[in-house]
Amino acid sequence: MQDVSDAELLERFVSSQDEAAFAALVVRHGPMVFGICRRLLRHAQDAEDAFQATFLILVRKAASIGKRELLGNWLYGVAMRVAVRARCMAVKRRTRETIDMERITEAGSPPTARMELSAAITEEVQQLPARYRVPIVLYYLEGRTSDEVAGELHCPVGTVKTRLSRAREMLRNRLIRRGLALSASAFSTALLAEVPAASLPPVLIDSTLKAAMSFAAGDAAVAGGVVSADAAALTKGVLHAMFMTKIKTVAMFVLALSLLIGGGGTFAYYLGTTEDRAKKADKESIQGEWKVDSAKANGQEPQGDEGERIKGSTWTITADKITVTFKGEDRVSSYEIDAAAKPKIINVMTEKEGTFKGIYKLDGDTLTICASVGRGDNERPTEFESKEGGFTMLLVLKRVKK
């Protein structure tokens, strides 16, 4: 199935639990996943547990993956998440259990400079913006050619090479900040060394496939019979964390961002002619460049990547568009307001997420927005607050003065 795309293989598995399709995905992306696990987890068994957990998570999340053609990038992120959790589990295990001396010796041995550099590269790749991370993952961590990467991303080869060059520069600077200064040639050599081997242990592939198909059939007990307790715990823990992230982060932040920056939806709010003057005044006052001063959802400030994305973004508002810029990436949407309502209203209807209802207020150089980020017919907020357990996001923007 070498000529079959990731998207098609994933669709075959989702629609009919095609074992051959899933096996092809394991063989295709397994070396990259295993490489990440080995670089972050020095003990071989820990790496194998993390490898299996990554593909068991794929079983459960396959149907919900959006850009299936970029499955490698998705697996990279999951493998990183699993490996980091496995590393924490190993530390806790060593502090509360008596382990055989061979494992203590191996886990306690100091990392070589090569291992340290490789782990640092793996961690820093995860922090790159998507437009640079994806080419790096495909080219260096999956061993694709520039032409193949261009085909995956549906862009010219020249664009791929430009993004790879920019990504290398960003990675090298990040490593320098970590105290790992390398010459350009040494850094290129280190990156090329990240290209995974072409094969995986057959026993690992076989046990992973057996567990995956049992998991897909809903037989967690059987799956637990062919994976270790640690692999099962990793799978359960990361799936729970991903679910909570979806509830707290996606529902609160991504959907809230959709209110203002995403979805390509069409806004509609009908205003009477007597309200046009108030609407026009706010339309003019709201225009300009803004920076996020604070944000809250579910009563808490955003954390992690989504928190960084929100807090570090720049908002450029024109008469009918909002452009949000973060690390060189732009997201554009239309917007519509009712400045005569009390409190003032902003509405959005997106193709994927439905209609979101919000309120806003303008106070000089401060723009405050509170929006419902639940689904369906959730009520519009009536106060500018975000409480724990609620479905609202509170965003405060400050005007950038020229």
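Below is a table of values for the structure above.
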| item | result |
| --- | --- |
| Top-ranked residue of the stretch 186-226 - restricted to ones that are modelled with pLDDT under 75 and among the β-branched types (V, I, T), ranked as surrounded by the fewest Cβ atoms within 10 Å (Cβ to Cβ) | T189 |
| Boolean, R42 is outside any helix (DSSP H, G or I) and either outside the structural domain of F22 (by TED's automatic domain parsing) or in contact (Cβ under 8 Å) with a residue 60 or more places away in the chain (or both) | yes |
| Among residues of the stretch 357-402, those that are of a type in the set (K, R) and modelled with pLDDT of 85 or more, counted | 3 |
| Residue within the stretch 332-341 that is over 21 Å from K311 (Cβ atoms), among the small types (G, A, S), modelled with pLDDT under 85 and in a strand (DSSP E or B) present | yes |
| Extreme residue, farthest from M213 (Cα to Cα), among residues of the stretch 55-70 that are basic (K, R) and in a helix (DSSP H, G or I) | R68 |
| Every pair of residues 6+ apart whose Cβ atoms lie under 6 Å, when the first sits in the stretch 329-345 and is without any contact (Cβ under 8 Å) to a residue 40 or more places away in the chain while the second is of a type in the set (S, T, N, Q) | D330/T323 |
| Answer from I310, I247 - the residue that is assigned to a helix (DSSP H, G or I) and modelled with pLDDT under 80 | I247 |
| Extreme residue, nearest to V4 (Cα to Cα), among residues of the stretch 148-181 that are out of contact with any helix residue (DSSP H, G or I) (no Cβ under 8 Å at 6 or more places or on another chain) and not in a helix (DSSP H, G or I) | H154 |
| Given (1) more than 18 Å from P201 (Cβ to Cβ); (2) touching a residue at least 60 places away in the same chain (Cβ under 8 Å); (3) surrounded by fewer than 22 Cβ atoms within 10 Å (Cβ to Cβ), number of the condition G66 does not satisfy | (2) |
| Among the residues listed as E102, E106, E97, E11, the single one being of a type in the set (D, E) and either at pLDDT 90 or above or under 28 Å from E148 (Cα atoms) (or both) | E11 |
| Tabulated pairs, the stretch 215-228, first under 13 Å from A53 (Cβ atoms), second modelled with pLDDT under 75 and among the small types (G, A, S), C-beta under 6 angstrom, 6+ apart or interchain | F215/A223 |
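Residues checked against (1) more than 21 Å from G328 (Cα to Cα); (2) charged (D, E, K, R); (3) in contact (Cβ under 8 Å) with a residue 60 or more places away in the chain:
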{"residue": "L117", "(1), (2), (3)": "yes, no, yes"}
{"residue": "Q126", "(1), (2), (3)": "no, no, no"}
{"residue": "P129", "(1), (2), (3)": "no, no, yes"}
{"residue": "I136", "(1), (2), (3)": "no, no, no"}
{"residue": "E142", "(1), (2), (3)": "yes, yes, yes"}
{"residue": "P156", "(1), (2), (3)": "no, no, no"}
{"residue": "L164", "(1), (2), (3)": "no, no, no"}
{"residue": "R174", "(1), (2), (3)": "no, yes, no"}
{"residue": "G179", "(1), (2), (3)": "yes, no, no"}
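This table checks each residue for (1) closer than 27 Å to G179 by Cα; (2) outside any helix (DSSP H, G or I); (3) basic (K, R); (4) modelled with pLDDT of 90 or more.
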site	(1), (2), (3), (4)
L25	no, no, no, yes
G35	yes, no, no, no
D49	no, no, no, yes
A53	no, no, no, yes
G77	yes, no, no, no
K92	no, no, yes, no
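Rundown of residues vs (1) farther than 24 Å from K361 by Cβ; (2) among the basic types (K, R); (3) buried (at least 20 other Cβ atoms within 10 Å of the Cβ); (4) modelled with pLDDT of 75 or more, yes/no style:
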| site | (1), (2), (3), (4) |
| --- | --- |
| A241 | yes, no, no, yes |
| L257 | no, no, yes, no |
| Y270 | no, no, no, no |
| W290 | no, no, yes, yes |
| E301 | no, no, no, yes |
| W315 | no, no, yes, yes |
| A319 | no, no, no, yes |
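The values are calculated or read from the model by the stated rules, or taken from the named source; none is laboratory data. As the structure is a prediction and not an experimental result, all values here were calculated from the model. Glycine also receives a Cβ, built like all others from the backbone with ideal geometry; neighbour counts cover every protein chain displayed.
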